[in-house]
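Asker: Here it is, the structure in full.
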Amino acid sequence: MRFRVIPALLWCVLFLVSSLAMPSRAHADDWLPIPPEDLTMKDNPKHPGDHAMILWREVVDDDVEGRESYYVRIKIFDDRGKGNADVEIRPYAVPGSEISNIQGRTIHPGGAIVPFDGKFYDKQIKYRYESLTAKTFTLPDVTPGSIIEYRYTRTWETLPGFGSYYGTYWRVQDKLFQRKAHFSLNPSGGATLRWSTAGLAAGHAPVLQKNGKIALDIEDTPGYEMEPRMPPETEIGGRVTFFYLGSDDPKTVDGYWKEAGQNWTKWADEYMNRGGAIKRELASLINPSDTHSVKLQKIYDRVQSLRNLSFEPGKTDKELKHEKRKELNNIEDVLRNGYGWHDEINSAFVALARGAGLDATLVEVTERDDAFFDKNLLSTRQFEWKIVRVREEGKDLYLDPGIPFCPFGLTAWENTSTVGMLLDKNPSFILIPSSTADAAVITRRADLTLQKDGSVQGTVDVTLSGMPALNYRLDERNQDDVARKKDMEDLLRQWVPASATVELQKVNDWKSSKLPLVATYQVTIPGYVSAAGSRVILPMTVFVGAYGNPFVSKQRSNPILFSFAYADADDVTIHLAPEFKIDSLPKGRSLKNGVSEFSTDCNSDSPNVLHATRRFRLNQISIDAKYYAALRAYFGQIEATDDEQALLKVTAN
């Protein structure tokens, strides 16, 4: 789910969307008493070896008042467990939500209490294309054997008469083992409440109480594993998602989604139904002789030129008032004013494409970086982003001009390999296909010279094409030249030896959606060769950090899920100083499995020039955990090619 500024006309729809809210407890006057045996506890009796465990966690949600509280008590067993004293309260997807009443304390095994002094800090967190603000604080004087606990309240605005109409999310399972936890919800009125559960242990289920509240109690619950390249956190561990159905309770699941699709389609058609404005726009944009492909590209370029409000830095109320931004009630407003939000820009594309006689349709999508679509979860908040489907010469083309710098023919990876709803006269579910590796390519090309002193120096070009170029352009869109230079130098530094000196020379174009992003560097790596008797060893791999094994752990709990298929290509040329001659070169290698392929090659066309290439291609993004051992070993073999070396003779001056 993208955290973004939402246009005024959509507040009523997305006003109270819940995300991974950290639950909270209605504050009592005093902390809960601590049993003496908890103070002296040395280890988790139910799961020995834990670094820390949750003794008690309580969640109290009130959808009527728009309030959520959180209370947690954690036992620290060793130095690694002390990291739990650093608390980060992450942003929330509900507009206008606020954190207050942050309290905490540390209790030592002997019973001494050190209260939290109430100082917390705002921390900028990079989440996708946004910079979000989290509140962070550190509980004091934490040592092995300590107990820490903290609590806070989160509040947000509610819909008059309905409260938090769009429901609540409980992250029941935690990263730590939980001895006991209690969850409670006071639901909104005026609507039918339902809920969906996943990953709960047998015997654990929400219960409707006589007072109308929902409660859930759990105990002795293992923590869930956070692992690299895993599904979104919302899709692992025990969880409960609440949703409201309004006054008309659908009789069937299909009936619910059919009605939702029809309502969306009606709204979209009314928003785009401005024939006069569309004709005027097209008259100056396309020629009657243009092919369908040319028309599509011209319309795409036109709507991408609109000012994109969804990707601008947030503004204060004072700034918005001074700007006097006008409401966008339809496509004509968007085209006349020259700006729009993401979904409105995509709607403008569809309206213009249809006006030009092309087959274009909006598609509501579930963004898989945040959650997977669940048909039985009758909540339209699963769909929060619109992309475009175009039928061109019998093929489906998925586009997203509402994302700045997004190339024609590309869709952001979050909106691929996911479920969408096609908004036409017969709304239906479709699966947005995955992108291929050709849509995400990173090429590293080095032209270096081995000096007499054993250092190498020269130029490196890094070319990002497709998805990587889009991601970097979006990440850097609001940065100044100094910050961009640092970030691009850090990009290369993660791949070259730590001793390397990296200086960015230029970047071709930060704002293009048609060109790859190309960065050119000047690089020096001291002491690149090492002595081996009367010869020297020359590493053939300059980009030693490019193919590291992402799977370190020997065990795996979660499925493997890469963001997107991709391809990497290294091309390294090393010119030898006259003092060096080639003695031997490593043999090329080829490694393949069912999901990817990798190859290396080392050769020399002349006595003083070495050429080395490495190629990697990932073709499949989803892999079952049962194949983890084989996948880990495969990436280990790839990483081992970092050690490929050429042997050089040292000649007399």
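The values are calculated or read from the model by the stated rules, or taken from the named source; none is laboratory data. These numbers were taken from a predicted model, which means no experiment stands behind them. As a convention, Cβ positions derive from the backbone with ideal geometry for all residues, glycine included, and neighbour counts pool all protein chains shown.
Asker: Under 7 Å between Cβ atoms, which residue pairs at least 6 apart in sequence (or on different chains) link something in region 419-445 that is without any contact (Cβ under 8 Å) to a residue 24 or more places away in the chain with a partner that is part of a strand (DSSP E or B) and surrounded by 18 or more Cβ atoms within 10 Å (Cβ to Cβ)?
Answerer: Taking only residues 6 or more apart or on different chains, the pairs are LEU431/VAL419.
Asker: Hey, another quick one. With the requirement that a residue be of a type in the set (A, V, I, L, M) and surrounded by fewer than 17 Cβ atoms within 10 Å (Cβ to Cβ), what does region 173-232 give you?
Answerer: Within region 173-232, ALA198, ALA201, ALA202, ALA205, VAL207, LEU208, ALA215, MET226 qualify.
Asker: For region 442-486, name all the residues that are part of a helix (DSSP H, G or I) and among the aliphatic types (A, V, I, L, M). Don't jump to the end; show me each part of the working.
Answerer: Narrowing region 442-486 to residues part of a helix (DSSP H, G or I): 467-475, 481-486.
Of everything in region 442-486, those that are part of a helix (DSSP H, G or I) and among the aliphatic types (A, V, I, L, M) turn out to be MET467, ALA469, LEU470, LEU474, VAL482, ALA483.
Asker: Looking at (1) under 20 Å from THR443 (Cα atoms); (2) part of a helix (DSSP H, G or I); (3) charged (D, E, K, R); (4) within 26 Å of the chain's Cα centre (by Cα), which one does LYS626 not meet, given that it meets all the others?
Answerer: (1)
Asker: Please work out which residue is surrounded by the fewest Cβ atoms within 10 Å (Cβ to Cβ), limiting yourself to region 237-252 and to residues that are touching a Ser or Thr at 6+ places or on another chain (Cβ under 8 Å) and within 18 Å of LEU176 (Cβ to Cβ). Spell out the reasoning first.
Answerer: Let us first name the residues in region 237-252 that are touching a Ser or Thr at 6+ places or on another chain (Cβ under 8 Å), namely 238-247, 249.
Next, only the ones that are within 18 Å of LEU176 (Cβ to Cβ) stay: 238-239.
Details: GLY238: 22, ARG239: 20.
Here the residue is ARG239.
Asker: While we're on this one: Among the residues of region 391-399, is there at least one that is at pLDDT 95 or above and crowded, with 21+ Cβ neighbours inside 10 Å?
Answerer: Yes - at least one qualifying residue is present in region 391-399.
Asker: Does any residue of region 429-441 turn out to be buried (at least 23 other Cβ atoms within 10 Å of the Cβ) and more than 28 Å from ALA198 (Cβ to Cβ)?
Answerer: There is at least one residue in region 429-441 that is buried (at least 23 other Cβ atoms within 10 Å of the Cβ) and more than 28 Å from ALA198 (Cβ to Cβ).
Asker: Spot the failing condition for LYS587; the list is (1) part of a strand (DSSP E or B); (2) without any contact (Cβ under 8 Å) to a residue 24 or more places away in the chain; (3) over 17 Å from LYS649 (Cα atoms), and only one is missed.
Answerer: Answer for LYS587: the failing condition is (1).
Asker: Against the definition (within 28 Å of the chain's Cα centre (by Cα), surrounded by fewer than 22 Cβ atoms within 10 Å (Cβ to Cβ) and aliphatic (A, V, I, L, M)), how does LEU358 come out, yes or no?
Answerer: Numbers: within 28 Å of the chain's Cα centre (by Cα): no; surrounded by fewer than 22 Cβ atoms within 10 Å (Cβ to Cβ): yes; aliphatic (A, V, I, L, M): yes.
No, not satisfied.
Asker: Kindly provide the set of residues from region 164-222 that are part of a loop (DSSP other than H, G, I, E, B), out of contact with any helix residue (DSSP H, G or I) (no Cβ under 8 Å at 6 or more places or on another chain), in contact (Cβ under 8 Å) with a residue 60 or more places away in the chain and not hydroxyl-bearing (Ser, Thr, Tyr), ordered by number. If you could, list the steps in order and put the result at the bottom.
Answerer: Going through region 164-222, the residues part of a loop (DSSP other than H, G, I, E, B) turn out to be 164-168, 172-176, 187-192, 199-206, 209-213, 222.
Imposing the further condition that a residue be out of contact with any helix residue (DSSP H, G or I) (no Cβ under 8 Å at 6 or more places or on another chain) reduces the set to 164-165, 168, 172-175, 187-192, 199-206, 209-213, 222.
Of the ones still in play, those that are also in contact (Cβ under 8 Å) with a residue 60 or more places away in the chain are 164-165, 168, 172-174, 187-189, 222.
Hits for region 164-222 are VAL172, GLN173, ASP174, PRO187, GLY189, PRO222.
Asker: Let me ask something else. Evaluate region 474-481: report whether one residue or more is buried (at least 16 other Cβ atoms within 10 Å of the Cβ), closer than 30 Å to THR501 by Cβ, modelled with pLDDT under 95 and charged (D, E, K, R).
Answerer: Yes, that holds for at least one residue.
Asker: Out of VAL17, VAL13, I need the residue that is assigned to a helix (DSSP H, G or I), at pLDDT below 90 and aliphatic (A, V, I, L, M). Which one?
Answerer: VAL13
Asker: Which residues, counting only those in region 344-368, are farther than 15 Å from ARG280 by Cα and in contact with a strand residue (DSSP E or B) (Cβ under 6 Å, 6 or more places away or on another chain)?
Answerer: Those that are farther than 15 Å from ARG280 by Cα and in contact with a strand residue (DSSP E or B) (Cβ under 6 Å, 6 or more places away or on another chain): ASN346, VAL350, ASP359, ALA360, THR361, LEU362, VAL363, GLU364, VAL365, THR366, GLU367, ARG368.
Asker: Checking ILE148 against (1) among the β-branched types (Val, Ile, Thr); (2) closer than 26 Å to THR138 by Cβ; (3) not in a strand (DSSP E or B): exactly one of these is not met. Which one?
Answerer: (3)
Asker: Quick one: count up the residues across region 60-69 that are modelled with pLDDT of 95 or more and under 16 Å from VAL87 (Cβ atoms).
Answerer: 0
Asker: Considering each of ARG632, ARG617 in turn, give the residue that is assigned to a strand (DSSP E or B) and closer than 18 Å to PRO550 by Cβ.
Answerer: Checking each option against the conditions leaves just ARG617.
Asker: Here's another thing I want to ask about it. For region 363-371, state whether one or more residues are assigned by TED's automatic domain parsing to the domain that holds VAL536, modelled with pLDDT under 95 and surrounded by fewer than 22 Cβ atoms within 10 Å (Cβ to Cβ).
Answerer: From region 363-371, those assigned by TED's automatic domain parsing to the domain that holds VAL536 are none; that's our starting set.
The answer is no; no qualifying residue exists.
Asker: Moving to a separate point now. Among (1) in contact with a Phe, Trp or Tyr (Cβ under 9 Å, 6 or more places away or on another chain); (2) surrounded by fewer than 14 Cβ atoms within 10 Å (Cβ to Cβ); (3) more than 20 Å from GLY548 (Cα to Cα), where does ASN608 come up short?
Answerer: (2)
Asker: Next up: Could you please give the count of residues in region 448-483 that are of a type in the set (Gly, Ala, Ser) and within 21 Å of the chain's Cα centre (by Cα)? Steps first, please.
Answerer: Filtering region 448-483 down to residues of a type in the set (Gly, Ala, Ser) leaves 454-455, 458, 465-466, 469, 483.
Right, trim to within 21 Å of the chain's Cα centre (by Cα) and you get 465-466, 469.
So the answer is 3.
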